[in-house]
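One structure below.
The values are calculated or read from the model by the stated rules, or taken from the named source; none is laboratory data. Note that the structure is predicted; figures quoted are calculated from it, not measured. Cβ placement follows ideal geometry from the backbone for every residue including glycine, while neighbour counts extend to all protein chains displayed. SASA here: full protein model, heavy atoms, side chains in, ligands and nucleic acids out. Shrake-Rupley method; radii C 1.70, N 1.55, O 1.52, S 1.80 Å.
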Amino acid sequence: MIIIGEKINGTIPSVKKAIEEKDEQFIRNLAINQTEAGAHYLDVCAGTAPDIEADTLIWLINTVQDSVDTPLCIDSPNASIIKKVFPYAKGPGIINSVSEEGDKGDILYPLMEGTEWEVIALTCDNRGIPNDVQTRMEITIRMVEKARK
């Protein structure tokens, strides 16, 4: 089992406040506490407005990496943001997440090529989250084929 610490997320009110105030010690404590609790990876998610998301994620990545050696799980719904912040991660880690929505795979798979980075895959596409197993399997097969290329 892989344990991903999910507490460094700007959608959590106390973390949002720490991000807005650039409270490094608060973020450091979250990273240290989750690592000490056994997290194999630390998810970093800005949860901010798109125009400041990349800068916020870079700040979070740097703060966490200055605090612990735990690998990162870079989390954004926007693949272009992940591409912008990816070079700041010491890696390898996990990208959260890829799906068949839009051009996510086209942006994210090339980033990971030739690296030990892994990815969380969501079985959804431009139509949303399917209710049936067959459609989920079809999406999964397409994602695996794209990842192989």
Pairs over 28 Å Cα to Cα, from LYS17/LYS146; LYS16/LYS146; LYS16/LYS149; LYS7/LYS149; LYS83/LYS146, come to LYS17/LYS146; LYS16/LYS146; LYS16/LYS149; LYS7/LYS149
Once both label points are put 7 Å beyond Cα along the C-beta direction, the ARG127-THR140 separation in nm becomes 1.7
Once all protein chains are kept in place, ARG142 shows an accessible area at probe 1.4 Å, nearest 10 Å², of 90
Ratio for the stretch 35-92, C-alpha Rg to 2.2 N^0.38 Å, reads 1.07
For the chain, the dipole about the Cα centre with charges only on Cβ (Lys and Arg +1, Asp and Glu -1), to the nearest 20 debye, works out at 140
Whole-percent carbon and sulfur contribution to the accessible surface of the chain (1.4 Å, no ligands, DNA or RNA) stands at 52
Sorting THR115, TYR41, GLN134 by the position of each Cα along the dipole of the chain (Lys, Arg +1; Asp, Glu -1; all at Cβ), the one nearest the positive end of that ordering is GLN134
Whole-number value, in Å³ per residue, for the convex hull of the alpha carbons of the stretch 72-149 is 81
Scalar couplings 3J(HN,Hα) for the stretch 127-132 by Karplus 6.51 cos²θ - 1.76 cosθ + 1.60 (θ = phi - 60°), nearest whole Hz, x for Gly and Pro, are 8, x, 8, x, 8, 10
For THR11, the accessible surface traced by a 1.4 Å probe with all protein chains present amounts, in square angstrom to the nearest 10, to 100
